[in-house]
Amino acid sequence: MTLLLLLLLPFSGCVIAACMPAYARNREAWFAAFIALCGLLLTLSLYPEVSSGIVIKHQLAWLPMFDLNLVLRMDGLAWLFSVLIQGICLLVVLYARYYMSPKDPVPRFFAFLLAFMGAMQGVVISGNLIQLVMFWELTSLTSFLLIGYWHHRADARRGARMAFTVTSIGGLCLLAGVLLLGYIAGSYDLDAVLASADIIRAHQAYLPALVLIALGALTKSAQFPFHFWLPHAMAAPTPVSAYLHSATMVKAGIFLLMRLWPVLAGTPEWTWIIGTAGVCTMLIGAYLAIFQHDLKGLLAYSTISHLGLITCLLGIGTPLAMVAAIFHTLNHAIFKASLFMAVGIIDHESGTRDMRKLSGLSRLMPYTATLAIVASAAMAGVPLLNGFLSKEMFFAEALQVGPSSNWWMSAAAVLMGVFGVAYSMRFISVFFGAKATALPKQPHEPPRWMRFPVELLVLCCLIVGVAPQLSIGVPLQTAAASVLGERLPDYNLAIWHGINAPLVMSVLAFALGILLFKVLKYRFNLLQSAHIPVLYRFNGKQAYESSMLILASSAARLERLFSSRRLQPQLLLLVLAGLFASALMLQAMPDFTHAWSVENFNLPFALLWLIGCTCAVCAAWQAKYHRLAALMLVGGTGIVTSLTFLWLSAPDLALTQLMVETVTTVLLLLGLRWLPSRISARKMNLVASSRDKLRRSRDLVIAIIAGSVMFVISYFVLLHPANFTISNFFLDNAVPGGGGTNVVNVLLVDFRNFDTLGEITVLSIVALTVYALLRRFRPAPESIGIPAQQANQVDPASRQTPAEQANSGYLLIPGIYLRLLLPVIGISAAYFFMRGHNLPGGGFIAGLVFAVGMIIQYMLAGTVWIESRLKLNPHRWIAVGIGLACFTGLGSLAFGYPFLTTHTAHLTLPLLSEIHLPSAFIFDLGVFAVVVGTTMLILIALAHQSVRSHRVPGAPVENNATTSREIR
């Protein structure tokens, strides 16, 4: 249960943080810090078991027949990453308390941060590959929200879109690769996949799976050629950059490569794909970092370079290279998070990050300068700091690549070290020289606790650099052993290994790096140039923008060819596509004959359907002349359908159909007011051209053919003898399995409740979409028959505008009747709800009945009268409904049962004796709330639009946006 709590804690904190009051940084910050601290303590409590080599697992059944279960798995590697995720999040939250402005919507920031922490935690402790991909995509979504947090800035929106697009495309590739991997291994369980390493590498689908998984990992970790998105993500607040780009998001791809290293590594394909990408990334990123003028831009490209170094180590494929990769992942997270926070302090206290303007900061901010210099030295690999040790291990492994004559990897390693020293010196240079004078603000030291996270991280750099074996030796060995197993090599984390080739390479890198910095700055003055030498023409952002532009223009061209803004051509395409699919179905139909018989002919039933067909035909004809009559006739077809269900002994369907017809008729009636005035039959005959008549004739023929084909298919399907039916299963198991005699309701809230959860979710999305669209739409008064000059004139008798008169009918109906009508309908809705598990009814029908009662109030009493007495918030109804449905499913998970498993409790209450209470009751209550909320949300939005449509005479339809406050 500890792993489940570790996963649910940040998501629960996210919801609570989002509900906190805005512009109160202390409360939200301390709450987020508490969540991160609890997660860190839970992770640390698992260390005794993890260090002894035990793999902690927690499994919840979901779809065991498809090998899809919620599996949480903690080993040494997952534990080390969890400590990074929780620990650095705790420091970032403390830092963000002082960094964020009081004007920022802080609850939203901490909610996004906790959600991202939960998504990243889900990635590292997932024990199922499909589950891992789900959390992987969730990190892309939450990082999009964090990067675009300052959405009023164009660069933040652009950077968020770029990061989301690139990483999401990689996520789709990862999903395809994981599906292949599971297909090869025969299971998606991580332990089963890791145990099938030899089978996977020998399979013919190994290379496609490797390429797809590599694309997912390389895009997420900003590896060449997908590295361009990370610098543009620096538009996020600095706490976000410190968290996402040091210890979490960009490390997700690294984690994936480490996790699947035992399965995919050890082949030439792995070495060439992963190793080549790593080498290119570490060199290009380090070179570009030298010429950046923004401090965060420099750190962004240096992050790309160090990620390339780790990827290169993984591509080398030796066990010791894996140890070095894990070690440098930890070291990089520590010194890069401290550097990002130091840059944030400089920006916060001086008002700029431009290195061309900053100088002499060591005299103005001595403590911050000291911390930043030490962290930068760790990034450069200075001895007695943590970065030096892992870089030495990298140099040693680079020497082992290929035969002795193959020196290219060693040269690339040294060149990366040279560039690393050069950009580290460029970073440090802002603290020396003359004091900067033309700064937006006078620099000074930050608040004490804002500097504390930097101090703690820099202290870790020193401790690991001076006493590596004592400080990090055991956790590093535990993490490496969880990946390598018996292949774990002997290694020594000592500071001094004597004078050897890696040490010579380090000295050479330092000397050449210092020389390169001096030459570029003082000899050629290239560090002030606006262009990057050699690579200034190769712009990944421009390539991305060009690709998006080509994609958008191609989509627009296809839309012009195959689409139209007119509804009729779109419906024509849909009907033709349906005809094509139906023709294919007819060809696949089995050959059998069924003679028509009149023995069972039922005259009343035939007359009923004759009435329905007549209503349908007349509705199509009247739609040209009289829309209200057409709507009434459509309602007639709905009533005939409802009577048909009742005739065929389906009372649940009959009730649902009747209520749906009532609600949709009223909503359509409100919508009809906004359509342009109808054209009379005589005028239509005058303006109709021969081309229009030809088009109508064509549509008539197509409609007749489509209807006939569907009739034939339905006829053959219904009369074909069924060899297998599932109806008997539900009839036999409704009472013993679901505890109810109403099979339809038991089917919806028990056997197929997951499907019902999806349906009410879609229903909620539709209602919210309608609400959002109506916020941007306001019809002109002339379109509904009221002259613009009369729209705002107040009637002296009623003291209302024409709009308010149209929406206030309480003068016609005595108020006492209205007050009595709603309770009666409410009692009826409660009656249908309570009897639904055993008799016709249920949450859906009860919700529609109650919604009809509210609609009647709106129709008779008017918007102003009803809302002054009933305070409705449909958004909360929807949220409560979805929450109750999900709560039912999570409750079963908490007790170790599959999601949404129904449980029945028998309670004995005074006066009521024993009560039969299934968990499906709570689920059905959620369905009821969603139905009421969605119906009322659409109704209120339509009613308010009708009122506001008269208050702005002659207003354009598209350009009169209304706020959500007005609609509520």
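The values are calculated or read from the model by the stated rules, or taken from the named source; none is laboratory data. In this text the structure is predicted, and so the values were computed from the model without any measurement. Glycine gets a Cβ as well: all are built from the backbone with ideal geometry, and neighbour counts include every protein chain shown.
Miscellaneous remarks
- Of all residues in the stretch 436-473 being assigned to a loop (DSSP other than H, G, I, E, B) and of a type in the set (S, T, N, Q), the one that is surrounded by the fewest Cβ atoms within 10 Å (Cβ to Cβ): THR437
- For the stretch 406-428, the criterion of being more than 20 Å from ARG353 (Cα to Cα), assigned by TED's automatic domain parsing to the domain that holds ILE373, outside any helix (DSSP H, G or I) and modelled with pLDDT under 90 is met by at least one residue.
- Checked across the stretch 341-355, the condition of being within 30 Å of LEU399 (Cβ to Cβ) and part of a helix (DSSP H, G or I) holds for no residue.
- Residues of the stretch 464-493 that are in contact with a helix residue (DSSP H, G or I) (Cβ under 7 Å, 6 or more places away or on another chain) and free of Cβ contacts under 8 Å to residues at least 40 places away in the same chain: SER471 alone.
- Candidates are the residues of the stretch 383-405 that are of a type outside the set (Gly, Ala, Ser) and surrounded by fewer than 19 Cβ atoms within 10 Å (Cβ to Cβ); the one that is modelled with the lowest pLDDT is PRO403.
- Residue within the stretch 262-274 that is crowded, with 24+ Cβ neighbours inside 10 Å, in a helix (DSSP H, G or I), out of contact with any Phe, Trp or Tyr (no Cβ under 6 Å at 6 or more places or on another chain) and not hydrophobic (A, V, I, L, M, F, W, C) present: no
- Exactly one residue among THR963, THR934 is at pLDDT below 65, under 27 Å from the mean Cα position of the chain (by Cα) and more than 25 Å from PRO736 (Cα to Cα), and that residue is THR963.
- Where VAL133 falls short, out of the listed (1) in contact (Cβ under 8 Å) with a residue 60 or more places away in the chain; (2) under 26 Å from the mean Cα position of the chain (by Cα): (1)
- Single residue of ALA300, ALA222 found to be within 28 Å of ASN539 (Cβ to Cβ) and not in a helix (DSSP H, G or I): ALA222
- Boolean, LEU675 is more than 25 Å from GLY578 (Cα to Cα) and at pLDDT 80 or above: no
- Leading residue by the ranking (nearest to GLY127 (Cα to Cα)) among those in the stretch 482-519 that are hydrophobic (A, V, I, L, M, F, W, C) and assigned to a loop (DSSP other than H, G, I, E, B): LEU488
- Check on LEU283, at pLDDT 95 or above and in contact with a helix residue (DSSP H, G or I) (Cβ under 9 Å, 6 or more places away or on another chain): no
- Residue check, MET416 out of contact with any Gly (no Cβ under 7 Å at 6 or more places or on another chain) and closer than 24 Å to LEU320 by Cβ: yes
- Filter result for the condition that a residue is over 19 Å from GLN59 (Cβ atoms) and hydroxyl-bearing (Ser, Thr, Tyr), over SER187, SER168: SER168
- Contact map, the stretch 568-584: residues that are under 11 Å from ILE713 (Cα atoms) paired with residues that are surrounded by 13 or more Cβ atoms within 10 Å (Cβ to Cβ), Cβ distance under 8 Å, separation 6+ or inter-chain. Pairs shown: SER582/ALA706; SER582/VAL709; SER582/MET710; SER582/ILE713; ALA583/VAL709.
- Test: residue in the stretch 619-631 that is in a helix (DSSP H, G or I), within 30 Å of ASN838 (Cα to Cα) and either at pLDDT 85 or above or not small (Gly, Ala, Ser) (or both): no
- Scanning the stretch 294-327 for residues that are more than 30 Å from the chain's Cα centre (by Cα) and not aliphatic (A, V, I, L, M), we see that the one that is nearest to THR478 (Cα to Cα) is PHE327.
- Conditions (1) outside any loop (DSSP other than H, G, I, E, B); (2) at pLDDT below 65; (3) under 36 Å from the mean Cα position of the chain (by Cα); number of the one not met by VAL864: (3)
- Test: residue in the stretch 309-322 that is small (Gly, Ala, Ser), closer than 26 Å to GLN121 by Cα and touching a residue at least 60 places away in the same chain (Cβ under 8 Å): yes
- Qualifying residue in the stretch 901-916 (condition: outside any strand (DSSP E or B), at pLDDT 75 or above and surrounded by fewer than 17 Cβ atoms within 10 Å (Cβ to Cβ)): yes
- Applying the set (1) crowded, with 19+ Cβ neighbours inside 10 Å; (2) farther than 30 Å from ASP354 by Cβ; (3) out of contact with any strand residue (DSSP E or B) (no Cβ under 8 Å at 6 or more places or on another chain) to ALA197 leaves exactly one unmet item: (1).
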